[in-house]
Amino acid sequence: MARDVEDASFDDLPLSERAREAVHRLGWRAPTPIQRLAIPQLAMGRDVIGRAETGSGKTAAFGLVLADQVKAPGLQALVLAPTRELVVQIARDLNALAEGAPFRAVPVYGGVPYDEQLKALADPQTTCVVATTGRLLDLLARKQVLLDRVRFVVLDEADRMLDLGFLPEVERVLKLIPGGRQTALFTATMPKKVALLAHQYMAHPREMEVGPQTPETAEHYRVDVASPHKLPALVALLQKERPPRCLVFVRTRDGAARLAADLVREGVLATPLHGDLTQAQRERIVANLREGRDALVVATDVAARGLDFPAITHVVNYDVPEEAEQYVHRAGRTARAGREGRVFTLVTENDGAHAEAAQRAAKRKLEPYPLRFSSAQGDLVDTAKTPVTPAKVERAGGNARGARRKNKPTPPKAASQRVDPEEEAADTSPSKEFDLPPSRRERRQ
Ligand code: AMP
């Protein structure tokens with residue numbers, strides 16, 4: 001977490017004593033940037049546009065204020081979110097934050113029987129509905145829920161809701177809510193359609209943006225390796241670190257599928273996460289990671305967007321991020337909220353400029369991480385001793401920036417290469433013991 005945030009305190013925010021106790025019970029020491037910015041504005045009754053991602057603490061940014069504002073029974077707050085998983089998670093988080101307040105959030109989403117949701121909606125103690133638009137409209141059409149006393153509306157992950165084609169449904173819901181309400185909109189990006197929605201349905205919103213933060217508590221390493229040795233280097237790295245929850249980032253969807261298959265061939269269970277998968281499939285993969293059924297996911301940046309990953313212990317940039325911001329996004333998946341985490345970047349002869357951008361983004365030197373392993377040809381590779389010579393930059397179409405703009409992916413070169421465990425054991429790199437379960441590789445043996 002950023003240093004200025006560490007210095008901030010929940011005591012400085014306009015929250016009730018009850019709310020302070022709730023965050024204390026959750027073990028939170030300091031508000032996140034979006035909480036610091038949004039809570040005072042929301043507490044003053046203003047409309048707010050928060051540019052913040054999942055993982056930024058945005059649920060509590062509106063949840064703490066909602067729980068403080070709701071003082072009587074009856075449905076008065078509505079949160080719209082794009083997926084049922086998010087709906088369930090937001091409702092659960094809100095109820096934890098509202099402990100001790102006359103506030104109860106219920107999740108409303110499709111694909112499940114109506115009974116339980118109807119019972120919860122009929123209960124006057126229910127003060128907040130957290131819903132996907134489809135089931136909500138369904139219940140509205142049957143007059144099983146009324147929004148005429150709703151005073152607070154939150155549009156969560158607005159960009160994703162609109163990406164999924166829910167704009168007409170969101171608008172239909174908003175038109176049913178009386179004027180004079182307070183509206184908060186959270187979104188990771190601000191495409192035109194989100195800006196238009198905000199313009200049309202919000203009153204003089206205060207806009208605030210928090211970029212993803214390079215986690216202060218993460219350790220950042222680089223592994224210098226010639227491109228043909230990337231796969232055995234990764235396998236050696238995984239053997240050494242034995243990460244309980246690891247995200248490996250690659251540039252392309254083909255690259256994700258190929259690398260996951262290569263890892264499986266090497267005896268490491270890996271699941272690819274890429275844009276060819278449906279939202280439901282992607283969320284299942286994240287749930288498996290959260291519940292410990294999977295330990296390693298190979299993802300593209302696009303596929304990882306908007307998903308709520310659990311506490312990730314290791315992020316590996318198998319393909320160097322092309323932009324500093326991308327590095328921050330990837331690294332921000334680990335070491336959240338003061339936890340530990342490690343970020344590794346494989347740097348090849350082709351990656352000089354991008355590696356520098358990664359270093360700038362990390363705001364510190366990427367510590368060289370030495371690895372020893374056998375190449376496919378059986379040669380011993382010692383990344384501490386084998387310098388990686390930068391390849392000549394192609395000038396044909398301009399400079400390195402030009403090459404990046406063309407955005408030509410260089411798929412990882414896959415080769416079936418083996419790690420020599422003895423050499424691995426002799427390795428003296430700065431590995432630190434995490435309290436880890438046995439690796440998948442060991443479990444399979
Ligand atoms: P969100 O972006 O709302 O999905 O929150 C991401 C995660 O951060 C959730 O697991 C929250 O419980 C956690 N969280 C939110 N605010 C804080 C905070 N101020 N300190 C520590 N953890 C937090």
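None of the figures in this text is laboratory data; all of them are computed from the coordinates on show. Note that the structure is predicted; figures quoted are calculated from it, not measured. Positions of Cβ are generated from backbone atoms using ideal geometry, with glycine treated the same way; all protein chains shown enter the neighbour counts.
Structure data summary
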quantity: Alpha-carbon radius of gyration plus Dmax, which is the widest Cα pair, for the stretch 218-382 in Å; calculated: 14.7, 43
quantity: Normalised contact order of the stretch 9-209, rounded percent, pairs of Cα under 8 Å and 6 or more residues apart; calculated: 27 percent
quantity: Selection from Thr271, Leu247, Gln326 lying farthest towards where the dipole of the stretch 192-343 points positive, charges on Cβ; calculated: Thr271
quantity: Kirkwood-based Rg to Rh ratio, the stretch 113-176, C-alpha trace; calculated: 0.96
quantity: Projected label distance in nm at Tyr114 and Glu291, using a 7 Å step from Cα toward the beta-carbon; calculated: 2.9 nm
quantity: Pairwise centroid distance, computed over Cα atoms, of the stretch 133-169 with the stretch 355-375, Å; calculated: 45 Å
quantity: Fully extended contour minus Cα-Cα distance, from Thr217 to Glu367, at 0.36 nm per residue; calculated: 52.5 nm
quantity: From phi via Karplus (6.51, -1.76, 1.60), per-residue ³J(HN,Hα) for the stretch 135-141 in Hz, x at Gly/Pro; calculated: 5, 4, 5, 4, 5, 5, 4
quantity: Radius of gyration and Dmax over the Cα atoms of the stretch 9-209, both given in Å; calculated: 15.6, 45
quantity: Linear extension gain, Asp382 paired with Arg265, 0.36 nm per residue minus alpha-carbon span; calculated: 39.8 nm
quantity: Förster radius 30 Å - calculated FRET efficiency between Leu277 and Arg149 (Cβ-Cβ, nearest 0.05); calculated: 0.15
quantity: Percentage relative contact order, the stretch 218-382, counting C-alpha pairs under 8 Å, at least six apart; calculated: 34 percent
quantity: For the stretch 180-196, Karplus couplings with θ = phi - 60° (6.51, -1.76, 1.60), whole Hz, Gly/Pro x; calculated: x, 6, 9, 10, 10, 10, 10, 7, 7, 10, 10, x, 4, 5, 6, 4, 5
quantity: Amide proton proximity set for Ala184, modelled H, under 5 Å, gap of 5+; calculated: Val48, Val153, Val154, Leu155
quantity: Cα pair distances exceeding 15 angstrom across the stretch 288-374, given as percent; calculated: 62 percent
quantity: Calculated P(r) of the stretch 230-288 - Cα pairs past 14 Å, %; calculated: 58 percent
quantity: Cα-centred dipole magnitude for the stretch 218-382, charges only on beta-carbon of K, R (+1) and D, E (-1), debye, nearest 20; calculated: 540 debye
quantity: Nonlocal amide H pairs with Thr345, under 5 Å, H built at 1.01 Å; calculated: Tyr221, Arg222, Val223, Asn317
quantity: Debye equation applied to the C-alpha atoms of the stretch 104-258, log10 I(q)/I(0) at 0.12, 0.19 Å⁻¹; calculated: -0.75, -1.18
